[in-house]
1. Hey, could you get me the Stokes-Einstein D for the range 140-218, Kirkwood radius over alpha-carbon pairs, 4 °C and 1.567 mPa s, rounded to whole µm² s⁻¹?
2. Give, as a single signed number, the net charge of other residues whose beta carbon lies under 10 Å from the beta carbon of THR68, with Lys and Arg counted +1 and Asp and Glu -1.
3. Would you mind computing, in nm to one decimal, how far apart the modelled labels at VAL143 and VAL125 are, each placed 7 Å from Cα along Cα→Cβ?
4. Report the full-extension gain for the segment VAL180 to GLU152: residue separation times 0.36 nm, less the Cα-Cα distance, to one decimal in nm.
5. For ILE216, which sequence-distant residues (separation of 5 or more, or a different chain) have an amide H within less than 5 Å of its own amide H, given hydrogens modelled in the peptide plane?
6. Testing the spin-label approximation: label points 7 Å from Cα along Cα→Cβ at LEU168 and LEU187. State their distance in nm.
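Just so you know, all these numbers are worked out from the coordinates, no wet-lab data involved. Quantities reported herein were computed from a predicted structural model and do not represent experimental measurements. Here the Cβ is made from the backbone with ideal geometry for all residues, glycine too, and neighbour counts use every protein chain on show.
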Amino acid sequence: MSLVELSTVDLAQQLRDGVVTAEQVVVAHLERIEAVDGEIEAWAALDPDEDPLETTLEYRAIDGGPWTSVAVAGSDDAEGSTSGPGWNDRRFEWDTAAVEEGEYEVRLIASDRGANTVADGRTFVVSPPLRLIVDRTPPRYEVRPTGQGRYELTLEDAHSEVRSLEVLAAGKVLNSFRPVDGVCDSLRESFSIELPDKTEKHLLRGTDAAGNRVDIPIEP
Ligand SMILES: [Ca+2]
Ligand SMILES: [Ca+2]
């Protein structure tokens with residue numbers, strides 16, 4: 001099944017699981033637009049210049065409110081001038097540095113209105129909106145030694161699922177631990193772990209689904 005055919009729920013799950021990236025989803029939808037647009041190429045005969053399709057990415061908080069356009073750096077059109085938000089290289093980059101952390105809906109609006117009269121131009125929403133999480137903060141952790149090199153450890157994140165707990169050696173991942181319930185699939189996961197060498201210092205690393213990492217030093 002292609003990305004544009006997935007249900008919102010399945011797509012959101014795949015995004016959370018890291019199976020697909022937001023960029024791949026947007027590109028898939030842009031390709032879909034291109035494919036559909038191709039079927040309506042009949043009117044291109046009336047317009048041999050090939051209308052540029054102007055696309056805008058919009059987002060809003062998951063609990064509603066107004067849509068905000070994502071400012072995208074202008075791309076050069078055929079004449080070499082800069083044409084507002086759009087895509088030439090089939091790639092949108094959303095710099096979320098100034099966006100508050102949390103869950104958002106993201107949608108793509110496509111229009112060829114700029115190149116047509118109002119009557120001819122078409123504007124449509126590429127639906128359904130995607131759910132995306134903006135998350136720049138690593139999980140918090142709590143560690144409790146229980147003796148004999150064993151520890152009870154909890155990772156908790158405000159926005160993304162906890163994805164992994166690993167032990168590093170010389171900067172490389174030596175091993176990863178399964179949570180007590182078997183699967184890293186929620187905002188809070190508990191681990192009951194035993195470290196390989198009880199007399200050595202260890203460095204653990206907790207990672208959330210957005211890839212934010214926290215290093216956890218363990219002293220013997
Ligand atoms: Ca996080
Ligand atoms: Ca779990």
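1. The calculation lands on 103 µm²/s.
2. Net charge in that neighbourhood comes out at 0.
3. According to this spin-label approximation, the distance is 4.8 nm.
4. Taking VAL180 through GLU152 to full extension adds about 9.1 nm, to one decimal.
5. LEU204, ARG205, GLY206
6. That separation, rounded to one decimal, is 2.7 nm.
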